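For reference, the structure is listed below as structure tokens.
Values in this text are rule-based calculations from the coordinates and carry no lab data. Everything quoted here is computed from the prediction, not taken from an experiment. Counting neighbours? That spans all protein chains shown, and the Cβs are built from the backbone with ideal geometry, glycine included.
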Amino acid sequence: DLEICNDSFLSSYDVYSTFIAEELEDYEETRKGDERLDKSIFRLYSILREKGIRVLGITSERRMGQDFIAAIPFCGLRENVKILYVGQHNNFTGRRRNQTLSVLPIDKRYKEEENLLD
């Protein structure tokens, strides 16, 4: 059930920072125009917002040593807020993909290569 995402941050190894909801609204058009920025976590965020789920933002799951590289700006410590890992399985850290929220290969879109010889 998608209600588990209410009042939470989504996390993934695909991002290197924290984006709060207000920043993501402005970022929508920028990321759609640049495939390098169009990560599945941003698509999931958009889908959840369309369905009326109140997601607080997106944050990185990456660490440097024992510390996360991205802070949660208005919640203080990460332990004070609900963070749902929605990235892919990661053997190095032992993180498993979320069975409900992870993007499946069938969900991904592919861009056709332009013929550069024309």
- Tyr16 and Asp1 label points (each 7 Å along its Cα→Cβ direction) are spaced in nm at 3.9 nm
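Can you bin segment 45-89 into rounded, prolate or oblate? Criterion: square roots of the alpha carbon gyration tensor eigenvalues sorted a ≥ b ≥ c, rounded for a/c under 1.5, prolate for a/b above b/c, oblate for the rest.
Oblate, because a/c is 1.5 or more while a/b does not exceed b/c.
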- Note on the structure: With 0.36 nm assigned to each residue of separation and the Cα-Cα distance removed, Ile53 to Val81 gains 8.5 nm
- Note on the structure: Pseudo-spin-label distance Arg96 to Ser46, built 7 Å along Cα→Cβ, given in nm, is 3.0 nm
- Message: For Ile83, what residues show an amide H to amide H distance below 5 Å, using hydrogens built from the backbone and excluding near sequence neighbours?
- Response: Phe9
